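Chemist: Attaching a single structure in structure tokens format; questions to follow.
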Amino acid sequence: MTTKTGCRHLILILGDQLTPSISSLRGADRDLDRILMVEVREEATYVRHHKKKIAFLFSAMRHFAQELREDGWQVDYVKLDDDANTGSFRAEVARACAKTEPGMVVVTEPGEWRVREDITSWQALTGVPIETREDTRFIVSQAGFRAWAAGRKQLRMEHFYREMRLKTGLLMDGGKPAGGKWNYDADNRKPARGDLFMPQPARWSPDEITREVIELVETRFADHIGTLEPFWFAVTRRDAEAAFDRFLEDALADFGTYQDAMLTGEKFLYHSVISAYLNAGLLDPLDLCRKVEAAWREGRAPLNAAEGYIRQILGWREYVRGIYWLKMPDYAASNAFGASRPLPGFYWTGETDMRCLSEAIGQTIAEAYAHHIQRLMVTGNFALLAGIDPHEVHEWYLAVYADAYEWVELPNTVGMSQFADGGLLASKPYVSSGNYINKMSDHCATCPYDVRLKTEKGACPFNALYWSFLERNQGVLKGNPRLGQPYATWNRMAPDKQQAYRESAAAFLDRLDRSERV
Ligand code: FAD
Ligand code: DLZ
Ligand code: SF4
């Protein structure tokens, strides 16, 4: 339908939909339709996103709009500092509708529940019909995941992942998993040494568009977390693909082996550092998996690395998205342990004596990036052990990482990291004492706390917090078969030792509550 004066369709492309084959462009016509892209204050501040995240997305949006124009599309691009910018999706769509009088607004479904809810009111607001299309950039659709989940007593990623391997044929040989096993994690997860060759992610110098955006973000979001310089992210599809190629060449072969390692001063190790590009739509998940499989088949990477990497994208990424849409909106309020302590201030500054935390948070402030084990076993582990309100933890992760959108961040935080969903997503809480961090990193060697001390003055806080967490949450966790061993250890422990752990944890939490430096 075309109005007498206006365009046929107004196609809204959101900041994480920077994909030429996005479903909202399906059947679109360069002469009849107009594309709308908007930088809006509301999206940058509903949680106060890291400056680098905002700069990355605005720059990637501007580059994408430029490519669309070069490809013949009519694009209305609203910059954050345009005088008429009203600051929200809904008001910008209403303003564009008044200007272009479209017969219909077309949008690909957003990745966050909040925005999807908002869209349901746009038709009444603008008087223009809204068509919301499925986001086809995932390997399994929401309906496909629902069908997989239906009737299952328990949802587990490993089962889902095997179905995805069968569905896509990735790493399959004659209907069997390549090499005979579905999962090679037993060969993975070794600590790293400082004298290893350290691959680095590909880096780009900011062009004029990026420099303009950096200045804008520095001025408009000065009070947000993070440093903008040096800014080296890829902001176009071409450069994001080159970044992935660099990973394939330099790091994939050792990805599995050092997947869980942490080293002081080494922010990226053998990780691919492409999640921000992938989640914004600059890369395609299936394409990445196929390239990794090809690297293995051509002998450029061992199977444990290729399988481990493919599992992250084909397994975890698709699985957490499925859980998000299956369980929202209630999922966001999950709090199985009733945790209520506010998030410590050092999560925003990195100012803590705990070396593992200051490293993970420090690099988060600098890069809007930390790798999975830093998120799960350092910042997440501490928050869970210390009984931090999972909603505050969720808002922190959503704000500080360049790759964070609620569909992927929330299940990772609330489910995997904080076990706030009571075990829907993961089979056990990811908690550990300082021992694990000591095994997987070199942080303890330079930490003022002593990882070998259990409850004495100067003992690593993770040690007492670990036991106090298990004791405090016995009601929820007692029957968990994967925690049988630690509970047996706790129950065998001499009462005075148990009491020492209780007192040590209580004293530490008391200092935390009084905002003393810990
Ligand atoms: P690599 O280690 O190289 O892994 C390759 C890719 O696999 C990643 O780019 C990512 O796309 C995918 N992947 C790996 N693990 C996961 C996972 N658990 N869930 C979904 N995808 C995964 N990932 C996000 O993309 N956005 C988030 O907001 C996010 N929040 C997280 C919060 C917590 C508390 C935890 C524990 C994990 C979170 N993750 C999130 C998952 C994971 O930490 C990041 O995907 C990863 O660190 C990104 O770095 P990379 O590109 O170097 O990944
Ligand atoms: C994260 C983000 C930010 C910071 N800013 C914008 C923006 O100005 N315009 C836009 O279209 N998208 C932005 N985004 C991404 C959106 O928050 C994201 O598209 C929705 O949350 C749906 O996933
Ligand atoms: Fe972290 Fe404890 Fe090791 Fe310090 S001693 S780095 S607090 S695990």
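The values are calculated or read from the model by the stated rules, or taken from the named source; none is laboratory data. This is a predicted model, so every value here is computed, not measured. Cβ sites come from the backbone with ideal geometry, for glycine too, and all protein chains shown count toward neighbours.
Chemist: When you scan the range 215-225, do you find a residue that is of a type outside the set (Phe, Trp, Tyr), part of a loop (DSSP other than H, G, I, E, B) and under 22 Å from the mean Cα position of the chain (by Cα), even just one?
Modeler: Within the range 215-225, the subset of a type outside the set (Phe, Trp, Tyr) is 215-220, 222-225.
From what's left, part of a loop (DSSP other than H, G, I, E, B): 222-225.
Filter once more, keeping what is under 22 Å from the mean Cα position of the chain (by Cα): 224-225.
Checking the range 215-225: at least one residue is of a type outside the set (Phe, Trp, Tyr), part of a loop (DSSP other than H, G, I, E, B) and under 22 Å from the mean Cα position of the chain (by Cα).
Chemist: May I ask you to list the residues in the range 122-154 that are more than 14 Å from Tyr324 (Cβ to Cβ), assigned to a loop (DSSP other than H, G, I, E, B) and within 16 Å of ligand 2 (Cβ to nearest atom)?
Modeler: If the condition is that a residue be more than 14 Å from Tyr324 (Cβ to Cβ), assigned to a loop (DSSP other than H, G, I, E, B) and within 16 Å of ligand 2 (Cβ to nearest atom), then Glu134, Thr136, Arg137 are the ones that fit.
Chemist: Name the residue, out of Ala402, Ala370, Ala366, Ala383, that is at pLDDT 95 or above, more than 24 Å from Leu155 (Cα to Cα) and within 16 Å of ligand 2 (Cβ to nearest atom). Lay out the reasoning, then the answer.
Modeler: Values: Ala370 fails: within 16 Å of ligand 2 (Cβ to nearest atom); Ala366 fails: within 16 Å of ligand 2 (Cβ to nearest atom); Ala383 fails: within 16 Å of ligand 2 (Cβ to nearest atom).
Exactly one of Ala402, Ala370, Ala366, Ala383 is at pLDDT 95 or above, more than 24 Å from Leu155 (Cα to Cα) and within 16 Å of ligand 2 (Cβ to nearest atom), namely Ala402.
Chemist: Which residues, taken from the range 203-234, are under 19 Å from Phe64 (Cβ atoms) and buried (at least 19 other Cβ atoms within 10 Å of the Cβ)?
Modeler: Answer for the range 203-234, where residues must be under 19 Å from Phe64 (Cβ atoms) and buried (at least 19 other Cβ atoms within 10 Å of the Cβ): Pro206, Thr210, Val213, Ile214, Val217, Phe231, Phe233, Ala234.
Chemist: Counting only residues that are surrounded by fewer than 23 Cβ atoms within 10 Å (Cβ to Cβ) and either closer than 15 Å to Thr210 by Cα or over 27 Å from the mean Cα position of the chain (by Cα) (or both), how many does the range 45-66 have?
Modeler: The total comes to 4.
Chemist: Are there any pairs, at least 6 apart or on different chains, whose C-beta atoms fall under 7 Å, with the first in the range 260-288 and at negative phi and free of Cβ contacts under 8 Å to residues at least 12 places away in the same chain and the second away from ligand 2 (no atom under 16 Å from the Cβ) and of a type in the set (A, V, I, L, M), and if so, which?
Modeler: none
Chemist: Let me ask another. Quick check on my filter: what residues within the range 161-213 are of a type in the set (A, V, I, L, M) and either in a loop (DSSP other than H, G, I, E, B) or in contact with a Ser or Thr (Cβ under 8 Å, 6 or more places away or on another chain) (or both)? Steps first, answer last, please.
Modeler: Here is the first cut: in the range 161-213, the ones of a type in the set (A, V, I, L, M) are 164, 166, 170-172, 178, 186, 192, 196, 198, 202, 209, 213.
Those that are of a type in the set (A, V, I, L, M) and either in a loop (DSSP other than H, G, I, E, B) or in contact with a Ser or Thr (Cβ under 8 Å, 6 or more places away or on another chain) (or both): Leu170, Leu171, Ala192, Leu196, Met198, Ala202, Ile209, Val213.
Chemist: Sort out for me the helices (runs of 4 or more DSSP H) sitting completely within the range 245-338 that have 2 or more residues that are within 21 Å of Val235 (Cβ to Cβ) and within 16 Å of ligand 2 (Cβ to nearest atom). Break it down stepwise before answering.
Modeler: Values: elements: 252-255, 275-280, 285-297, 303-310, 318-327.
Ranges flagged: 275-280.
Chemist: Can you tell me which residue within the range 445-459, out of those that are surrounded by 12 or more Cβ atoms within 10 Å (Cβ to Cβ) and hydroxyl-bearing (Ser, Thr, Tyr), is nearest to ligand 3 (Cβ to nearest atom)?
Modeler: Per the criteria, the residue is Tyr449.
Chemist: Moving on to the next point. Quick test for you: out of Tyr331, Tyr309, Tyr347, pick the one residue that is over 24 Å from Val393 (Cα atoms) and either buried (at least 19 other Cβ atoms within 10 Å of the Cβ) or not hydrophobic (A, V, I, L, M, F, W, C) (or both). Steps first, please.
Modeler: Working: Tyr331 fails: over 24 Å from Val393 (Cα atoms); Tyr347 fails: over 24 Å from Val393 (Cα atoms).
Exactly one residue qualifies, and that residue is Tyr309.
Chemist: Still on this structure: Among the numbered criteria (1) surrounded by 20 or more Cβ atoms within 10 Å (Cβ to Cβ); (2) under 18 Å from the mean Cα position of the chain (by Cα), which one does Gly434 miss?
Modeler: For Gly434, the exception is condition (2).
Chemist: Related question: Name the residue that is surrounded by the fewest Cβ atoms within 10 Å (Cβ to Cβ), counting only residues in the range 161-198 that are at pLDDT 95 or above and in contact with a Gly (Cβ under 7 Å, 6 or more places away or on another chain).
Modeler: Out of the qualifying residues, it is Tyr161.
Chemist: Sticking with this structure for a sec: Please determine, by comparing only the residues of the range 405-422 that are in contact (Cβ under 8 Å) with a residue 60 or more places away in the chain and more than 16 Å from ligand 2 (Cβ to nearest atom), which one is farthest from Gln363 (Cα to Cα). First the steps, then the outcome.
Modeler: As a first pass, look at the range 405-422 and keep what is in contact (Cβ under 8 Å) with a residue 60 or more places away in the chain: 405-408, 410-412, 414-416, 418-422.
Those still in the list that are more than 16 Å from ligand 2 (Cβ to nearest atom) too: 414-416, 418-422.
On the way: Val414: 22, Gly415: 24, Met416: 22, Gln418: 22, Phe419: 25, Ala420: 26, Asp421: 29, Gly422: 30 Å.
My answer is Gly422.
Chemist: Then there is this: Is it fair to say Phe462 is within 20 Å of Lys497 (Cα to Cα), buried (at least 22 other Cβ atoms within 10 Å of the Cβ), within 25 Å of the chain's Cα centre (by Cα) and more than 16 Å from ligand 2 (Cβ to nearest atom)? Even if it seems obvious, please write down each step before you answer.
Modeler: Working: within 20 Å of Lys497 (Cα to Cα): yes; buried (at least 22 other Cβ atoms within 10 Å of the Cβ): yes; within 25 Å of the chain's Cα centre (by Cα): yes; more than 16 Å from ligand 2 (Cβ to nearest atom): yes.
Here the answer is yes, as Phe462 does meet what is asked.
Chemist: Continuing with this model, one more query. Kindly provide the set of residues from the range 467-518 that are assigned to a helix (DSSP H, G or I), of a type in the set (A, V, I, L, M, F, W, C) and surrounded by fewer than 11 Cβ atoms within 10 Å (Cβ to Cβ), ordered by number.
Modeler: Here is the first cut: in the range 467-518, the residues assigned to a helix (DSSP H, G or I) are 467-472, 474-477, 481-492, 495-513.
Those left that are additionally of a type in the set (A, V, I, L, M, F, W, C): 467, 469-470, 476-477, 483, 488, 490, 500, 505-509, 512.
Answer for the range 467-518, where residues must be assigned to a helix (DSSP H, G or I), of a type in the set (A, V, I, L, M, F, W, C) and surrounded by fewer than 11 Cβ atoms within 10 Å (Cβ to Cβ): just Ala488.
Chemist: While we're here: Is it the case that some residue within the range 312-319 is more than 14 Å from ligand 1 (Cβ to nearest atom), surrounded by fewer than 20 Cβ atoms within 10 Å (Cβ to Cβ) and modelled with pLDDT of 95 or more? Even if it seems obvious, please write down each step before you answer.
Modeler: Going through the range 312-319, the residues more than 14 Å from ligand 1 (Cβ to nearest atom) turn out to be none.
No, the conditions are met nowhere in the range 312-319.
Chemist: Something else: Whether any residue in the range 365-384 is more than 16 Å from ligand 3 (Cβ to nearest atom), hydrophobic (A, V, I, L, M, F, W, C) and surrounded by 24 or more Cβ atoms within 10 Å (Cβ to Cβ) is what I want to check.
Modeler: Yes: the range 365-384 contains one or more residues that are more than 16 Å from ligand 3 (Cβ to nearest atom), hydrophobic (A, V, I, L, M, F, W, C) and surrounded by 24 or more Cβ atoms within 10 Å (Cβ to Cβ).
Chemist: Can you go through Val414, Val408, Val400, Val393 and tell me which one is in contact with a Ser or Thr (Cβ under 7 Å, 6 or more places away or on another chain), more than 17 Å from Phe337 (Cβ to Cβ) and away from ligand 3 (no atom under 16 Å from the Cβ)?
Modeler: Numbers: Val414 fails: more than 17 Å from Phe337 (Cβ to Cβ); Val408 fails: in contact with a Ser or Thr (Cβ under 7 Å, 6 or more places away or on another chain); Val393 fails: more than 17 Å from Phe337 (Cβ to Cβ).
Residue meeting the stated conditions: Val400.
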